[in-house]
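Comments concern the structure below.
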Amino acid sequence: MTVKTVLVTGGAGYIGTHTMVELLTSGYDVVCLDNFSNSSPEAVKRVEKIAGKRVTSVTGDVRDREVMSRVFKRPIDGVIHFAALKAVGESVAKPTDYYGNNVGGSLALLEAMNERKVRRIVFSSSATVYGVPETLPLSEDAPVRPINPYGHTKAMVEQILRDWCAADLTCTAIVLRYFNPIGAHPSGTIGEDPHDVPNNLFPFIAQVAIGKRDKLTIWGGDWETPDGTGVRDYLHVVDLARGHVDALRYGFENTGYRNINLGTGQGTSVLQMVAAFERAASKKISFAIGPRRAGDVAACWADGSSAQQLLGWRAAMSVEQACVDGWRWQQQNPDGYRGQRTAG
Ligand code: NAD
Ligand code: UFG
């Protein structure tokens, strides 16, 4: 069997690095395209070390035509498109940056794919496209009603991919709607590396545990949930990465457009997450209950049956395991990739 080559845009980022490891160890060749706007070349080196295989790394922007025509000179069998900006609050403050990068970047990528007749794409969408859930669990046919510019960029790219597939019946777009990825690779050498104050719960807790932050503020203790704190569907990033390999294989065997949720189907509250991290790190996590955060919902978790039926995928790792692995990454890399302590 000939080895297939996958282009991974945004491959140096949090989910991209974990996915490249799983692709390489599943026998794919990988071309990584990243402008390193939110990542580091060191991350790609560490992926190569874990997998024991080389990645072809191209530094550049998906919106740069010259870069894209260079990337597509080599035969590419399929694309996984991670490259995007992802901070909800920033998207409200800088909407044009978000539409430009996330929608404009996706269009530039599809144009380059059209030119080279590359017809397979796996796209990083998000549970954020559902907005405020009407019923739980969320299945793929729930209404798409984003409530911020970031969510709108994902919904727009979904629509573009739907139309792209309708125009050419040999095309395949697998749109993965992720719930809340957490944790790190069990090696402790790749993980999430937020450059500013983390917005997300998991990296914030990890930074409190390591002593970088004094305490966690819990955004609301009076939600309509069993313990009053927000409930989310947290999935281990390695499970999520494996879901991409399964989606890619499905994409090589099928044509057309598909939305697929990737989540565990289980809800975990903020207080339960704090307790799980305390057990993993053997440390107390200081916290205080603050006001509700604008734009938050009480609870959100996935109906994961499509992923199971279509891809044969289900989350195998627990929140506890994610805490153990995330804590290992945090301890070994207190300054993320800038510290470079585990590179050698
Ligand atoms: P990340 O910021 O760690 O990774 C994104 C990568 O894309 C970075 O390496 C960045 O440098 C690169 N990039 C951004 N714009 C680019 C451009 N124009 N050209 C080339 N490279 C570019 O983010 P992540 O958490 O790994 O997220 C990956 C994808 O998954 C994103 O599309 C994000 O919207 C989506 N997603 C993430 C989450 C989450 O909680 N992390 C949840 C749902 C969806
Ligand atoms: N939370 C706190 N304190 C914090 C950070 C978060 O209490 O400092 C709470 C939130 O209020 C929420 C829960 O922890 O109840 C999870 O919050 P995150 O910010 O970690 O995650 P969200 O569910 O708000 O959003 C994330 C991504 C979105 C994505 C969504 C669904 O940030 O981009 O998951 O995939 F769309």
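The values are calculated or read from the model by the stated rules, or taken from the named source; none is laboratory data. Please read these numbers as outputs of a predicted model, since none were measured by experiment. Because the Cβ atoms are built from the backbone with ideal geometry, glycine has one as well, and the counts that use them run over all protein chains shown. Just the protein is used for accessible areas: all its heavy atoms, side chains included, with ligands, DNA and RNA removed. Shrake-Rupley method; radii C 1.70, N 1.55, O 1.52, S 1.80 Å.
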Which of the residues belonging to region 272-321 are more than 16 Å from ligand 1 (Cβ to nearest atom), within 18 Å of Thr128 (Cα to Cα) and in a strand (DSSP E or B)? Ala299
Please pick out the residue among Ala173, Ala206, Ala184 that is under 30 Å from Ala281 (Cβ atoms), outside any helix (DSSP H, G or I), open to solvent by less than 10 Å² (accessible area, probe 1.4 Å) and in contact (Cβ under 8 Å) with a residue 12 or more places away in the chain. Ala184
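Results for (1) among the hydrophobic types (A, V, I, L, M, F, W, C); (2) without any contact (Cβ under 8 Å) to a residue 24 or more places away in the chain; (3) touching a strand residue (DSSP E or B) at 6+ places or on another chain (Cβ under 7 Å), shown as yes or no for each residue.
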{"site": "Thr9", "(1), (2), (3)": "no, no, yes"}
{"site": "Ala12", "(1), (2), (3)": "yes, no, yes"}
{"site": "Cys32", "(1), (2), (3)": "yes, no, yes"}
{"site": "Arg63", "(1), (2), (3)": "no, no, no"}
Can you name the condition, by its number, that Arg292 falls short on among (1) under 30 Å from Asp163 (Cα atoms); (2) within 13 Å of ligand 2 (Cβ to nearest atom)? (1)
Restricting the first residue to region 268-279 and requiring it to be on the phi < 0 side of the Ramachandran plot and within 13 Å of ligand 2 (Cβ to nearest atom), which pairs with a second residue that is open to solvent by less than 10 Å² (accessible area, probe 1.4 Å) and among the polar types (S, T, N, Q) meet a Cβ separation below 7 Å and a spacing of at least six or different chains? Ser269/Thr229; Val270/Thr229; Leu271/Thr229
Among the residues of region 146-161, is there at least one that is of a type in the set (Ser, Thr, Tyr), within 13 Å of ligand 2 (Cβ to nearest atom) and open to solvent by 20 Å² or more (accessible area, probe 1.4 Å)? yes
Considering every residue within region 304-311, establish whether at least one is touching a strand residue (DSSP E or B) at 6+ places or on another chain (Cβ under 9 Å), surrounded by 23 or more Cβ atoms within 10 Å (Cβ to Cβ) and within 30 Å of Lys212 (Cβ to Cβ). no
Number of positions in region 220-267 that are within 20 Å of the chain's Cα centre (by Cα) and on the phi < 0 side of the Ramachandran plot: 31
Has region 84-96 got any residue that is of a type outside the set (Phe, Trp, Tyr) and within 26 Å of Gly256 (Cα to Cα)? yes
Go through Trp327, Trp301 for me and flag whichever is of a type in the set (Phe, Trp, Tyr), in contact with a helix residue (DSSP H, G or I) (Cβ under 6 Å, 6 or more places away or on another chain), buried (at least 21 other Cβ atoms within 10 Å of the Cβ) and in contact (Cβ under 8 Å) with a residue 40 or more places away in the chain. Trp327
Inspect region 254-269 for any residue being open to solvent by less than 30 Å² (accessible area, probe 1.4 Å), under 30 Å from Gly211 (Cβ atoms) and of a type in the set (Gly, Ala, Ser) and give the result as yes or no. yes
Restrict the check to region 79-97 and report whether at least one residue is part of a loop (DSSP other than H, G, I, E, B), modelled with pLDDT under 95, within 16 Å of ligand 2 (Cβ to nearest atom) and of a type outside the set (Asp, Glu). yes
Residues of region 1-21 being open to solvent by 10 Å² or more (accessible area, probe 1.4 Å) and over 13 Å from the mean Cα position of the chain (by Cα), which ones? Met1, Thr2, Val3, Lys4, Thr5
Output the residue which, of all residues in region 22-43 that are crowded, with 24+ Cβ neighbours inside 10 Å and among the aliphatic types (A, V, I, L, M), is nearest to ligand 2 (Cβ to nearest atom). Ala43
